[in-house]
Amino acid sequence: MKSPFFSVIVDELSVKLKNRGYNVCLLPVSNRFLERNNVKEAASIGAAAIISFLAPHKDAVEYAILLDKPLLIFGRGCEEQMVNKIYTDDIRGGEIAAEYLHKLGHKKLMYVGAEIHEVSGIRQRGFISKAKELGIDDIVVSQNDENEMFNYIKEGYKGIFCFDDQLVMQILSKVPQSEIDVVGFNGLFKNFAFNYYFS
C-alpha cells in the first residue's frame, strides 16, 4: 500500500512556493536517504534550497552547508543539528488517539499499522503506552491484514486507531461507521463526507 501523503504535501508545497515567486523542481531519487549526490544534483540546476522527504546522510548535510543551500527535512525527524525539520509528534499522536477512544468508552482497542513503516511503530508505541496508562489492557495490533482486522472487529475491537487515513478509508469501505469509532492520523481525507476523527 502506498500512502498519498507525500504527493498531497508536494502539491500543497508547490502551490505555496509558486505563490511566493519560487520555481519548484522535483528531483526523484531511488535511495532511502538523501545523499551527497542528490544535493549536488539540486545545486547543479540552481536550487536556492532543498526540501527532502528523506532523512539525510551526514555527508549530504555537510555538502549542503558547504554550498550554502538551506536544507529542510519534511515529515521525519533527523538527528543532524544543522538541518531544519518539520514533522509530527507521532508518539503524542498515538496518545491522543488512545485518550479519545478511551473517552468514548472503548475497553478493547485495535491499532492498524503498516509493518514496513518506521513511523507506524512510533505511533503504535504512543497509542499502546497511553491506553495501558488509562487502564486498557485489551489491545490488539494488525499490520493491515484485512482478514485479521475484520475478525478483530467481530470480536469487539471497535475502538480503532489507524496509522494513516488511507487505512481508515479501507476499513470504512467495509464496516458501517455506526458500528466502530476510527481515528486516522494525517487528515488527508478531511473533506470527505465521513464522520470520523483525526488526531
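Counting Lys +1, Arg +1, Asp -1, Glu -1, what net charge surrounds Gln143 among other residues with beta carbon under 15 Å of its beta carbon?
Details: positive: Arg123, Arg125; negative: Glu115, Glu118, Asp145, Glu146, Glu148, Asp164.
Counting the neighbours of Gln143, the net charge comes to -4.
For the chain, give the percent of accessible area contributed by carbon and sulfur heavy atoms, probe 1.4 Å, rounded to a whole number.
Roughly 50 percent of what the probe reaches on the chain is carbon or sulfur.
Angle, helix 5-19 long axis vs. longest principal axis of the chain, Cα atoms, 0 to 90°, nearest 10?
Helix 5-19 sits at roughly 50 degrees to that axis.
If you average the C-alpha positions of the range 124-141 and of the range 1-52 separately, how far apart do those two centres end up, in angstrom?
Using only Cα atoms to place each centre, the spacing works out to 37 Å.
One-quarter of the Cα convex hull surface for the chain, in nm²?
Working: hull surface 49.8 nm².
Projected area, direction-averaged: 12.5 nm².
Over the range 55-144, what number does the Rg to Rh ratio reach, with both radii from the alpha-carbon atoms and Rh per Kirkwood? Mind showing how you got there, number by number?
Details: Rg = 17.5 Å, Rh = 15.0 Å.
Rg/Rh: 1.17.
In degrees from 0 to 90, rounded to the nearest 10, what is the angle of the helix 118-133 Cα long axis to the longest principal axis of the chain?
Result, in degrees: 40.
Please work out how much accessible surface Cys25 shows to a 1.4 Å probe, ignoring ligands, DNA and RNA, in Å² rounded to 10.
Probe radius 1.4 Å; accessible area of Cys25 about 80 Å².
Just to confirm the number: angle between the C-alpha axis of helix 90-103 and the first principal axis of the chain, 0 to 90 degrees, nearest 10?
Value to nearest ten degrees: 20.
Tell me which residues come under 5 Å, amide H to amide H, from Ile73 once H is placed; ignore anything under 5 positions away on its chain.
Those lying under 5 Å, H to H, from Ile73 are Ser52, Asn84, Lys85, Ile86.
Using amide H atoms built 1.01 Å from N in the peptide plane, name the residues 5+ places from Val140, or on other chains, whose amide H lies under 5 Å from its own.
Here the answer is Leu109, Met110, Tyr111, since their amide H atoms fall under 5 Å of that of Val140.
The values are calculated or read from the model by the stated rules, or taken from the named source; none is laboratory data. Only a predicted model underlies this, so the values are computations on that prediction, with no experimental measurement involved. In this analysis, Cβ positions are derived from the backbone assuming ideal geometry, glycine residues included, and neighbour counts consider all displayed protein chains. Accessible surface is based on the protein model in full, side chains and every heavy atom, while ligands, DNA and RNA are left aside. Shrake-Rupley method; radii C 1.70, N 1.55, O 1.52, S 1.80 Å.
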